[in-house]
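Scroll down for the structure; my scribbles are underneath it.
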Amino acid sequence: MIAARFAPLVFSILMSIYMVTVMTFVITWANTGMDQGFILRWFRSFYIAFPIAFSLTWLGAPYIQRFVAKRSKKTS
């Protein structure tokens, strides 16, 4: 189990890994093709993008969650 106080951090790490893995794979493939050096190019893209994505998720998620919560229709 994860302690509740660590939930936002774990969410940010997992969401960042998920999004960066898929997005860098697709964009690297679309831009350079799937050839012999693909994995190294993809990993380099991942390595560069992950800290940025993590920072944006860590900093932005609470504000975005509040924004959506305020604009969501509550159901009974």
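For this structure, a couple of remarks:
- The relative contact order of the chain, computed from alpha carbon pairs under 8 Å that lie at least 6 residues apart in sequence, is 40 percent.
- For the chain, the Cα-based Rg and Dmax, in that order, read 16.4, 56 Å.
- Computed from backbone phi with θ = phi - 60° and the Karplus coefficients 6.51, -1.76 and 1.60, the 3J(HN,Hα) list for the range 5-14 is 5, 8, 4, x, 5, 5, 4, 4, 5, 5 Hz; x is used for glycine and proline.
- In order along the range 58-64, the Karplus-derived 3J(HN,Hα) couplings, from 6.51 cos²θ - 1.76 cosθ + 1.60 at θ = phi - 60°, round to 4, 7, x, 4, x, 5, 5 Hz, and Gly and Pro are given as x.
- Net charge dipole size for the chain [Lys, Arg +1 and Asp, Glu -1 on Cβ; Debye, nearest 20]: 560 debye
- Helical runs assigned H by DSSP (4 residues or longer) give the chain a calculated mean residue ellipticity at 222 nm of -28500 deg cm²/dmol, each run adding -39500 (n - 2.57) before division by the residue total.
- Between the residues Gln65, Ala7, Ser45, the greatest Cα displacement towards the positive end of the dipole of the chain, with unit charges on the Cβ of Lys, Arg, Asp and Glu, is found for Gln65.
Throughout, read-outs are computed from the coordinates displayed, never taken from laboratory work. Here the structure is a predicted model, which means the values were calculated and not measured. Glycine also receives a Cβ, built like all others from the backbone with ideal geometry; neighbour counts cover every protein chain displayed.
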